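Below: the structure, in structure tokens.
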Amino acid sequence: MASRQIAIFGAGRMGSALIDGWLRGRSRPQICVIDPQPSDLIKAQADEDALALNPAPRPADVVVVAVKPQIFETVATEMADWIGPETLVVSIMAGIRIKMLRELLGTDHIVRAMPNTPGAIGWGVSVICAPDTGRKKDVTKAKRLLKPLGHVEGPVPETQMSAVTGVSGSGPAYLFLLVEALAGAAEAEGLSPKFSAMLARETIIGAAQLLYETGEDPGRLRKNVTSKGGTTEAALDILLRGDGMPSLLREAVRAAASRERALSSGK
Ligand SMILES: NC(=O)c1ccc[n+]([C@@H]2O[C@H](COP(=O)([O-])OP(=O)(O)OC[C@H]3O[C@@H](n4cnc5c(N)ncnc54)[C@H](OP(=O)(O)O)[C@@H]3O)[C@@H](O)[C@H]2O)c1
């Protein structure tokens with residue numbers, strides 16, 4: 001594993017999160033980054049020899065596709081020299097189906113993965129799917145690739161990837177919005193912006209940590225802080241009403257999943 005070479009196309013938000021996850025992991029792979037306009041962070045990592053930036057192409061063990069789905073068709077032509085007969089291609093692009101990857105990249109050694117940005121600190125969750133005709137060793141290799149980023153689930157049927165994208169791929173954004181909204185609500189109740197931001201942030205981090213460390217069911221933890229006729233109950237009566245949080249989240253995840261399906265048809 002020490003000599004494993006990963007070539008990653010696209011070092012934007014998610015690509016950088018993957019790179020950070022690999023650099024933090026124990027078995028450091030050789031990382032080649034292909035990005036025409038790399039960020040200052042990527043340039044600094046290249047200066048420190050943590051990765052190679054835009055080197056000459058040669059077949060890699062794994063090629064990771066982390067560009068926007070909209071430009072994949074163009075980028076696919078630049079990938080040919082990186083893909084040898086044994087190269088595994090792992091695509092993290094939302095909405096690009098295995099069939100299209102196969103057609104444009106001319107290989108059967110393909111795994112699709114949907115990671116998320118907490119992978120940068122080893123707390124991500126990645127879900128993978130592979131072609132029915134794919135090799136078992138490709139799935140094993142993809143799981144090993146994603147392991148330093150956190151949980152790896154799958155392979156799941158490709159039809160589930162739209163929902164997965166809407167839940168775990170986009171999910172961190174929902175939680176960040178919750179922190180922002182809670183801080184906004186605190187300000188509306190007269191607390192200072194700084195105090196509000198701190199309270200919201202620490203509350204969400206602490207609650208997530210409690211969920212993790214106790215391993216308790218979230219519904220049980222919620223009921224534990226909800227006494228009859230109390231303050232939490234008054235708030236939850238609002239959040240749980242017909243058009244409240246569960247209904248909004250259902251709508252949001254459905255919109256993300258629909259967008260994923262639309263991307264797959266080139267929209
Ligand atoms: N963000 C997430 O949380 C998340 C989660 C799961 C999956 N994904 C998937 O990850 C992919 C990337 O998303 P992102 O949010 O990281 O987007 P992003 O920040 O825009 O990153 C895409 C990167 O690709 C670069 N790029 C453009 N043309 C290229 C080329 N010809 N060769 C190599 N690199 C090129 C872009 O450079 P420029 O900025 O200069 O154009 C940019 O750095 C998407 O397909 C998305 O579906 C994202």
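The values are calculated or read from the model by the stated rules, or taken from the named source; none is laboratory data. Just so you know, these numbers come straight off a predicted model, no measurement behind them. Please note: Cβ atoms are built from the backbone with ideal geometry, for glycine as well, and neighbour counts cover all protein chains shown. Surface areas here come from the heavy atoms of the whole protein model, side chains and all, with no ligands, DNA or RNA. Shrake-Rupley method; radii C 1.70, N 1.55, O 1.52, S 1.80 Å.
Remarks
- For segment 35-66, residues that are within 11 Å of the ligand (Cβ to nearest atom) and closer than 19 Å to PRO115 by Cα total 3.
- Filtered by the rule that a residue be within 16 Å of the ligand (Cβ to nearest atom) and in contact with a strand residue (DSSP E or B) (Cβ under 6 Å, 6 or more places away or on another chain), segment 1-18 gives ILE6, ALA7, ILE8, PHE9, ALA11, GLY15.
- Every residue from segment 40-66 that is of a type in the set (S, T, N, Q) and in a helix (DSSP H, G or I): GLN45
- Residue check for GLY15: part of a helix (DSSP H, G or I), in contact (Cβ under 8 Å) with a residue 12 or more places away in the chain and touching a Gly at 6+ places or on another chain (Cβ under 7 Å): no
- Residue match in segment 67-81 (condition: in a loop (DSSP other than H, G, I, E, B) and within 9 Å of the ligand (Cβ to nearest atom)): yes
- Taken together, the residues in segment 19-34 that are open to solvent by 20 Å² or more (accessible area, probe 1.4 Å) and either within 16 Å of the ligand (Cβ to nearest atom) or of a type in the set (Lys, Arg) (or both) amount to 5.
- For ARG58, the conditions (1) farther than 14 Å from ALA142 by Cβ; (2) buried (at least 20 other Cβ atoms within 10 Å of the Cβ); (3) basic (Lys, Arg) all hold with the exception of (2).
- GLY266, sole failed condition from (1) open to solvent by less than 80 Å² (accessible area, probe 1.4 Å); (2) within 16 Å of the ligand (Cβ to nearest atom); (3) touching a helix residue (DSSP H, G or I) at 6+ places or on another chain (Cβ under 7 Å): (3)
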